[in-house]
Amino acid sequence: MGTLGLGILVGLGVLLWIFPGVGSALHPQETVLLRSLGLKTRPSPRSPAPVPPWLWKMFQKRSEASSRESRDPCWVEEFQVPGNVIRVFPDQGHFIHQEEPRSWICLQKRLYFNFAALEEGEELTLAQLEIQFSHNQYQGSNSVHPFELSLYRAPQISLHGMPTHTYSRQLLVERSFVHLQKSFAFNLTEVAKEWQTPSKNLGLLLEISLPASPERSLCSKLDTILSTSLLVVSLTPGQCKSTRKRRSAYYMPVSASNICKPRRLYISFNEVGWENWIIAPQGYLANYCLGECPFPLTEELNSTNHAILQTIVHSLDPTGTPQPCCVPVRLSPISVLYYDNNDNVVLRHYEDMVVDECGCR
């Protein structure tokens with residue numbers, strides 16, 4: 001998010017300070033701001049899922065980072081992939097009940113993840129399927145017969161009355177395991193890239209079986225302790241400009257109150273009316289630039305050569321040439337954890353959200 005988006009945010013904050021009730025309706029400036037944040041409308045989560053603990057840790061790590069410049073803001077080091085948006089898509093699929101159950105199959109489930117939240121032009125860099133079994137509800141089995149987990153691509157939807165084994169399906173992953181007290185993660189990036197085209201998103205088929213064991217009791221309640229979700233990392237080129245070189249200006253605070261410098265501005269998401277969909281932070285210190293750029297400009301004002309010359313000309317012709325403007329010259333990012341309109345948990349990185357230094361330009 002650039003200076004324009006920050007300016008809109010500052011304007012919205014001032015507007016809410018003057019007219020507190022404006023947060024209850026969607027103000028035109030809020031619409032523009034939401035778009036600059038990559039959102040078409042203000043999210044209204046209906047049945048939000050709990051935030052995964054590992055996602056909280058990622059958010060806290062980014063929030064507590066002391067040096068913003070030492071970390072590439074568009075690189076997710078936990079997964080070693082580029083990206084500035086991390087989403088957790090809940091599984092919206094359903095269990096498949098066999099008309100003629102086969103003794104070795106414990107369960108079959110269609111996995112479906114709604115990719116409608118992904119924007120046009122958003123580059124998907126990682127899609128990782130998470131399969132978990134509730135540890136506190138299942139104590140494992142002493143059986144020596146392993147479970148077989150099979151994951152298939154489902155290129156066509158089954159027709160009514162068509163047996164499951166006649167689906168046209170492609171095997172993606174096979175895994176054997178003895179105990180259910182564990183979780184699995186499978187990289188499905190190449191498969192998920194096709195899902196950005198809605199007509200190609202037919203989901204997956206998960207099958208868990210006990211082919212070598214006659215003990216059907218081992219499959220009991222397996223469907224009640226199974227949970228599946230999809231972790232998706234993506235990159236929004238328009239908002240993530242990691243290749244841009246930041247100005248490393250030398251800044252020394254000045255004492256004169258009317259000199260160009262950062263001024264304190266705290267944005268509270270509660271006051272904006274966003275507390276029902278933004279999980280964290282509750283607000284942040286955005287700051288803004290204000291002050292004069294008087295002649296002669298000094299090194300402490302982070303001035304360009306052009307600004308210095310403009311100040312000289314202004315001193316000779318004050319009515320014909322304006323003074324340089326006090327603007328941000330160094331900004332830092334923030335990370336926001338929120339729910340989108342599809343109740344997905346999203347961790348998103350936004351550049352240029354906090355004014356660190358001001359200068360005359």
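The values are calculated or read from the model by the stated rules, or taken from the named source; none is laboratory data. A quick note: this is a predicted structure, and the numbers were derived from the prediction, not measured. Cβ sites come from the backbone with ideal geometry, for glycine too, and all protein chains shown count toward neighbours. Calculation scope for accessible area: heavy atoms of the full protein, side chains included, ligands and nucleic acids excluded. Shrake-Rupley method; radii C 1.70, N 1.55, O 1.52, S 1.80 Å.
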Sort through I312, I279, I308 and tell me the only one that's on the phi < 0 side of the Ramachandran plot and touching a residue at least 24 places away in the same chain (Cβ under 8 Å).
I279
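Test S248 against the stated conditions and say whether it is modelled with pLDDT of 85 or more, over 23 Å from A49 (Cβ atoms) and not in a strand (DSSP E or B).
Values: modelled with pLDDT of 85 or more: no; over 23 Å from A49 (Cβ atoms): yes; not in a strand (DSSP E or B): yes.
Taking the combined requirement at face value, the residue does not satisfy it.
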What residue, of H135, H145, is open to solvent by 60 Å² or more (accessible area, probe 1.4 Å) and either at pLDDT below 85 or touching a His at 6+ places or on another chain (Cβ under 7 Å) (or both)?
H135
Hey, does region 323-341 have a residue that's among the polar types (S, T, N, Q), out of contact with any Phe, Trp or Tyr (no Cβ under 8 Å at 6 or more places or on another chain) and part of a strand (DSSP E or B)?
yes
Residue in region 350-361 that is nearest to A117 (Cα to Cα), counting only those that are at pLDDT 90 or above and surrounded by fewer than 22 Cβ atoms within 10 Å (Cβ to Cβ):
V354
Looking for whichever is modelled with pLDDT of 90 or more and in a loop (DSSP other than H, G, I, E, B) here; the options are F79, F89. Which one fits?
F79
Any residue at all in region 323-332 that is at pLDDT 90 or above, within 29 Å of V232 (Cα to Cα) and not small (G, A, S)?
yes
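A quick yes/no check of all residues on (1) among the small types (G, A, S); (2) surrounded by 17 or more Cβ atoms within 10 Å (Cβ to Cβ); (3) not in a helix (DSSP H, G or I):
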residue	(1), (2), (3)
N270	no, no, no
W274	no, yes, yes
C289	no, yes, yes
I308	no, yes, no
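For R35, are the conditions met, namely being at pLDDT below 70 and among the basic types (K, R)?
On the way: at pLDDT below 70: no; among the basic types (K, R): yes.
In short, no.
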Pairs only if they're at least six apart or on different chains, beta carbon under 9 angstrom, first in region 108-127 and without any contact (Cβ under 8 Å) to a residue 60 or more places away in the chain, second of a type outside the set (F, W, Y) and in a loop (DSSP other than H, G, I, E, B); list them, first residue then second.
E120/Q196
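Yes/no per residue for (1) under 30 Å from F133 (Cβ atoms); (2) modelled with pLDDT of 90 or more; (3) among the aliphatic types (A, V, I, L, M):
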position	(1), (2), (3)
L231	yes, yes, yes
Q239	no, no, no
S257	no, no, no
P262	no, yes, no
L265	no, yes, yes
W274	no, no, no
T298	no, no, no
T304	no, no, no
D317	no, no, no
May I ask you to say which residue of S44, S66 is at pLDDT below 80, in a loop (DSSP other than H, G, I, E, B), open to solvent by 40 Å² or more (accessible area, probe 1.4 Å) and not aromatic (F, W, Y)?
S66
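Q282: in contact with an Asp or Glu (Cβ under 8 Å, 6 or more places away or on another chain), exposed (fewer than 15 other Cβ atoms within 10 Å of the Cβ) and within 26 Å of V354 (Cβ to Cβ), yes or no? Full working, then the answer.
Numbers: in contact with an Asp or Glu (Cβ under 8 Å, 6 or more places away or on another chain): yes; exposed (fewer than 15 other Cβ atoms within 10 Å of the Cβ): yes; within 26 Å of V354 (Cβ to Cβ): yes.
Against the criterion (in contact with an Asp or Glu (Cβ under 8 Å, 6 or more places away or on another chain), exposed (fewer than 15 other Cβ atoms within 10 Å of the Cβ) and within 26 Å of V354 (Cβ to Cβ)), Q282 qualifies.
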